[in-house]
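First up is the structure itself, then whatever we jot down about it.
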Amino acid sequence: MSYMEQARETLSRLQQKDKVRILAMETSCDETAAAVVENGRVIVSSEVYSQIDMHALYGGVVPEIASRAHVEKVTPVLDEALRKAGMALSDVDALAVTYGPGLVGALLAGVSYMKGLAYVTGKPLVPVHHIEGHICANYLTSPELEPPFLCLVVSGGHSHILHVRDYGIYELLGCTQDDAAGEAFDKAARVLDLPYPGGPRLDKLAEQGNPEALPLPHPHTDGKYDFSFSGLKTAFLNAVHHQEQVGARMDSADLAASFRKAVVDMLCEKTMQAARDTGAARLALAGGVSANSLLRRQMQALCDGAGIPLYMPRLDLCGDNGAMIASAAYFRLKNGEIADLKLNARPAAKLFSNA
Ligand code: KG4
Ligand code: ZN
């Protein structure tokens, strides 16, 4: 029996099974992560190896270093996820891997490894889009959440407002016209001499600052639900450089707080506009920037005011992890979506049918 015949046979059995446990691998950027998740909503184990220390020296992710580190770490991280789950590879029902978007070499480390594992075990392999994974982190935190809902996805590479119509069906309402929110936070943090990764550090520093200290522009976008962060970033950079030139640099905490407020105001304003216009019954946040403390507080206050339930991933599930990939894979598997051994990394993979 060929691999595909075996995988399809297992798939039809799994589509009827009550309890499906998926082992997933995520290597799209600078985290090597693996996890076992049951029925898309219950984390059995999750292991994340962060390469932050390796990249911090260079002030950002170095793709070649990331690929090599993933190749070294995929086996120990996966073994650890199985060990913590108290499971052998044979106990797992199916496998999953992030195929894109991300750094091509980094993605390939995971894709090649999981294809090899699929081939030797005969288990079905589910390809997962990284952003879909981030959205599904909400199912792990709030097992009662079901589509449809509106979702703000904000990470290092993406800033999207999308409508989750059903499992696996996404409609893009708006997105950034230039930088992603996380990218903007990281660049502003660099100006403040904060070490990589700047976003979380800027957030922490901002907690002690005055958000009104530095007035920043409110960038205009053509699309009603689109974002633009590059103008904001440039205005911030220019203001700080000007202050340095005249020898009167403001307190870093005040600068951080002012920048954070400008970004969060824009994210909240556009998301709430989309929620009002579409009559959204539920709202969710996703992606690394959904860990931002002001974004969480401000969205909560706005949603409470509007009577819209807000869902946010648990803090440790906001950034990249394997559990979110295993969750997304469950719904794809139930829909019969499995890969053949020609599966390749797709660094610019799209999630939306309408984008
Ligand atoms: O989702 P993620 O882990 O990776 C990508 O898919 O890109 O997001 C990483 C991004 C980085 O830009 C990081 O600085 C940002 O999320 N980030 C934050 C916070 N935590 C992570 N930005 C602002 N505030 C935070 N607390
Ligand atoms: Zn991510």
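Here are the numbers:
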| quantity | calculated |
| --- | --- |
| GNM flexibility winner over the chain from ASP18, ASP193, ASP203 (Cα, springs under 10 Å) | ASP18 |
| Whole-number percent relative contact order across the chain, with pairs defined as alpha carbons under 8 Å at least 6 apart | 25 percent |
| Carbon/sulfur fraction of accessible area - the chain, other protein chains in place, 1.4 Å, % | 51 percent |
| P(r) histogram, all alpha-carbon pairs of the range 85-134 included - 10 Å bins from 0, percent | 25, 49, 25, 1 |
| Estimated [θ] at 222 nm from DSSP helical runs (n ≥ 4, -39500 (n - 2.57)) normalised by residues in the chain, nearest 500 | -14500 deg cm²/dmol |
| Length gained when the stretch ASP53-GLU144 is fully extended (0.36 nm per residue, less Cα-Cα span) | 29.1 nm |
| All-pairs Cα distance distribution in the range 148-311, expressed in whole percent, bin size 5 Å | 2, 9, 19, 22, 19, 14, 8, 5, 2, 1, 0 |
| Loop-resident sites, the range 81-169, for chymotrypsin sites (Phe, Trp or Tyr not before Pro), counting at most 14 other Cβ within 10 Å (DSSP) | none |
| Under-5 Å amide H pairs with PHE149, H placed in peptide plane, nonlocal only | VAL164 |
| Choice from GLU31, GLU244, GLU47 with maximal GNM fluctuation in the chain (Cα, 10 Å cutoff) | GLU244 |
| Residue-wise HN-Hα coupling along the range 9-26, computed from phi with Karplus coefficients 6.51, -1.76, 1.60 (Hz; x: Gly, Pro) | 4, 5, 4, 5, 5, 5, 5, 9, 6, 6, 10, 10, 10, 10, 9, 10, 10, 10 |
| Label zone at LYS342, where the point sits 7 Å out along the Cα-to-Cβ direction: the range 112-151 residues whose backbone N lies under 16 Å | 127 |
| Computed E for ASP277/TYR119 - FRET, C-beta separation, R0 30 angstrom, nearest 0.05 | 0.05 |
| Under the Karplus curve 6.51 cos²θ - 1.76 cosθ + 1.60, θ = phi - 60°, whole-Hz ³J(HN,Hα) for the range 169-182, x wherever Gly or Pro sits | 10, 10, 10, 7, 9, x, 7, 6, 8, 9, 6, 7, 4, x |
| Using distinct alpha-carbon pairs, which all enter the 1/r mean, Kirkwood radius of the chain in Å | 20.8 Å |
| Amide H within-cut-off set for SER45, under 5 Å, with H built and near neighbours excluded | VAL36 |
| Whole-angstrom gap from the range 234-268 to the range 296-355, using each part's C-alpha centre | 31 Å |
| Spin-label pair THR234/ARG314, simplified geometry with 7 Å Cα→Cβ offset, distance in nm | 4.3 nm |
| Probe 1.4 Å, accessible area per residue of the chain, Å² | 41 Å² |
| Choice from GLN300, GLN51, GLN208 with maximal GNM fluctuation in the chain (Cα, 10 Å cutoff) | GLN208 |
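The values are calculated or read from the model by the stated rules, or taken from the named source; none is laboratory data. Quick caveat: nothing in here was measured; it's all calculated off a predicted structure. So basically every Cβ, Gly included, is an ideal-geometry build from the backbone, and we count neighbours across all protein chains shown. We work out accessible area using only protein heavy atoms, side chains counted, and drop any ligands, DNA or RNA first. Shrake-Rupley method; radii C 1.70, N 1.55, O 1.52, S 1.80 Å.
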